[in-house]
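Accompanying notes for the structure given below.
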Amino acid sequence: MEIKKVGVVGCGLMGHGIAQICAQNGWEVVVREIDQGQLDKGIGKVRKQLGRAVEKGKLEQADADAVLARITPTLEYGDLADCDLVIEAITEDLDRKLEMWEALDGVVRDDAYFATNTSSLAVADQAAATKRPERFIGLHFFNPAQVMPLLEVVRAERSGDDAVQLGFDLGEQLGKTTVAAADNRGFIVNRLLVPYMLDAIRAHEQGVGSVQDIDTGMMAGASHPMGPLTLADFVGLDTLVAISDVMAEAYGEDGFAAPDTLRRMVDAGDFGRKTGRGFYDYSGEEPVPVDSGS
Ligand SMILES: NC(=O)c1ccc[n+]([C@@H]2O[C@H](COP(=O)([O-])OP(=O)(O)OC[C@H]3O[C@@H](n4cnc5c(N)ncnc54)[C@H](O)[C@@H]3O)[C@@H](O)[C@H]2O)c1
């Protein structure tokens, strides 16, 4: 099927980026949020990113305007009715996702495809909540979706070959590097990366190093582009807890359990970059490690 119109559900960290790259690729995009505030915030981020690209001379103003014009923000599921593909990027909570799919399944064209951007939940569990499990796949983008090259394409138990092929074709059209991943908890990348981030938090709890030194250590010693605690802040500490809870239950291994520090930070509302505070304080010009005492 040729994609012309994409629905994106959720306009947070991931949803706004997915909406933007789809619109940049020339597709009509309808993005749904739960309230006007979240919608404005997400679209504001898209506008800012496009503005930056214009400033840097990477994009013409007219093209940036055209990209924005292709994105229709909405609070109504009904506005996604004639989409060819709907990608969900809502909060990592199975009950919320199932409720959302139930609402969407009834209003979106029967021949449209559905995809979840979940980091850790089973694609098959979500597919089973719809009348179209053969048209349902996992499309796992990385943060920021506008920049990160990888797309994991996940075949769930009942995904049809055409749905999986659509996932690879979409990745190619968006200029992504695609890999096929099984429908296990965390697919390929998070299966390896989440225990690493959690271990870095445990290392910090155990006094192995300061926030800055742990991050610097992994950047300078392992050539990682950012340290694990910066990465955790970037992912969102609330999302990291949600992912680790799913993975800990699935794998039954201690390495996937959320450390106490992480839970306490999330309970306190410190979700990382998106709330301005996590392992670093982002209120100034430069991030400051919260354990630095400054
Ligand atoms: N943060 C990451 O690095 C990352 C990377 C890849 C995948 N993911 C996955 O992407 C999904 C979204 O994560 P995020 O980091 O963007 O979270 P986020 O908290 O930044 O955004 C989630 C958004 O979904 C909205 N939402 C909740 N229920 C909704 C509904 N029924 N309809 C429309 N909008 C709804 C919320 O208002 C919020 O704005 C999760 O499944 C997560 O696991 C996250």
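Nothing in this text is a laboratory measurement; each read-out follows from the coordinates by a stated rule. Keep in mind the model is a prediction, meaning the values are calculated, not measured. Note: ideal-geometry Cβ built from the backbone for every residue, glycine included; neighbour counts use all protein chains shown.
Panel values: the stretch 120-220, Kirkwood radius from alpha carbon pairs, Stokes-Einstein at 4 °C and 1.567 mPa s, translational diffusion coefficient 84 µm²/s. Summed over qualifying helices (DSSP H, 4 residues or more, each -39500 (n - 2.57)) and divided by its residue number, the chain shows a 222 nm mean residue ellipticity of -14000 deg cm²/dmol. When the chain is treated as a Gaussian network with alpha carbon springs shorter than 10 Å, the biggest mean-square fluctuation among A182, A222, A232 belongs to A222. When only alpha carbons are used to place a centre, the stretch 68-123 and the stretch 199-249 end up 31 Å from one another. Evaluating 6.51 cos²θ - 1.76 cosθ + 1.60 at θ = phi - 60° for every residue in the stretch 162-169, the Karplus couplings come out as 5, 5, 5, 4, 4, x, 5, 4 Hz, glycine and proline recorded as x. Which percent, nearest 5, of DSSP beta bridges in the chain are antiparallel? Bridges in the chain that DSSP calls antiparallel: roughly 25 percent.
Among N143, N184, N25, the largest mean-square fluctuation in a Gaussian network model of the chain (Cα springs under 10 Å) belongs to N25. Note on the chain: GNM, Cα springs under 10 Å; of A115, A62, A103, the largest mean-square fluctuation is that of A62.
Annotation for T216 and E253: the two label points, set 7 Å from Cα along the Cα-Cβ direction, are 3.1 nm apart. Measure up K4/K97; K5/K131; K131/K176; K45/K97; K41/K131 against 27 Å on the Cα-Cα distance and list the ones that go over. Pairs exceeding the cut-off: K131/K176; K41/K131. With N the number of residues in the stretch 189-292, Rg(Cα) / (2.2 N^0.38 Å) evaluates to 1.00.
For the chain, averaging the sequence separation of C-alpha pairs within contact (under 8 Å, six or more residues apart) and dividing by the residue count gives a relative contact order of 13 percent.
Pairs of C-alpha atoms in the stretch 57-142 farther apart than 20 Å represent 40 percent of all such pairs.
Of the trypsin sites (Lys or Arg not before Pro) found in the stretch 153-261, those in coil by DSSP whose Cβ has at most 16 other Cβ atoms within 10 Å are R158.
Taking the C-alpha atoms only, the angle from helix 189-205 to the longest principal axis of the chain is near 30 degrees. Electrostatic bookkeeping for D215 treats Lys and Arg as +1 and Asp and Glu as -1; over the other residues with beta carbon under 12 Å from its beta carbon, the sum is -3. Seen against the Cα atoms of the chain and their longest principal axis, helix 211-222 is set at about 70 degrees. Across the stretch 144-185, counting alpha-carbon atoms alone, Rg and Dmax equal 10.6, 31 Å.
Once you divide the Cα radius of gyration of the stretch 162-216 by 2.2 N^0.38 Å, the number left is 1.71. Each label was represented as a point 7 Å from its Cα along the Cα-to-Cβ direction; for Y196 and R96 these points are 2.7 nm apart. For the chain, the longest principal axis of the alpha carbon atoms and the long axis of helix 13-24 meet at an angle near 40°. Based on the Stokes-Einstein relation at 37 °C and a viscosity of 0.692 mPa s, and on the Kirkwood radius from alpha carbon pairs, the chain is assigned a translational diffusion coefficient of 166 µm²/s.
The distance between label points at A103 and D291 comes to 4.1 nm (points 7 Å beyond Cα on the Cα→Cβ vector).
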